[in-house]
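First comes the structure, then the notes that go with it.
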Amino acid sequence: MNEGIVDSSGNVFLDLGFPSDEAAILQMRADLMTDLRKFVKSKRLTQAKAAEILGVSQSRVSDLIRGKWDRFSLEMLITLATRAGMHVALTRPA
């Protein structure tokens, strides 16, 4: 038996002990940031070009690329994803 190993709930923030409502928002923010970073990388955009597309400053793109999640609200990340041409939808598990 592997003591100390616990199966994940699928949400690392919930596993870390955050209340379920906060964990859900944190997970959404993390997922959107990951998608936005992948967008910038897959398009081979400079931070300046990404900033132009997303309608933010280059320093904001730098924060995004560096994973500074505390500097982005869920609403802002949804806005950026939409500007990147992504479709953002909230779904509930079955």
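Farthest toward the positive end of the dipole of segment 12-83, out of ALA23, ALA50, GLY67, is the Cα of ALA50, where the dipole comes from beta carbon charges about the Cα centre. Across segment 49-55, computed HN-Hα scalar couplings (Karplus, 6.51 cos²θ - 1.76 cosθ + 1.60, θ = phi - 60°) run 5, 4, 4, 5, 5, 7, x Hz from first to last residue, x flagging Gly and Pro.
For PHE72, the amide hydrogen comes within under 5 Å of no other amide hydrogen, counting only partners 5 or more places away or on other chains and with H modelled in the peptide plane.
For the chain, adding -39500 (n - 2.57) for each run of n ≥ 4 DSSP H residues and dividing by the number of residues yields -17000 deg cm²/dmol at 222 nm. When only Cα pairs below 8 angstrom with a gap of at least 6 residues are kept, the chain shows a relative contact order of 25 percent. Helix 20-42 and the long axis of the chain differ in direction by around 40°, with both axes built from C-alpha atoms.
Can you compute the charge dipole magnitude of the chain about its Cα centre, using +1 on each Lys and Arg Cβ and -1 on each Asp and Glu Cβ, nothing else charged? Give it in debye, rounded to the nearest 20.
Once rounded to the nearest 20, the dipole reads 760 debye.
In order along segment 76-87, the Karplus-derived 3J(HN,Hα) couplings, from 6.51 cos²θ - 1.76 cosθ + 1.60 at θ = phi - 60°, round to 5, 5, 5, 4, 5, 4, 5, 5, 7, x, 7, 9 Hz, and Gly and Pro are given as x.
Computed from the coordinates by the stated procedures, all read-outs in this text should not be read as laboratory data. The structure displayed is predicted, hence computed values, not measured ones. Backbone-built Cβ (ideal geometry, glycine too); neighbour counts: all protein chains shown.
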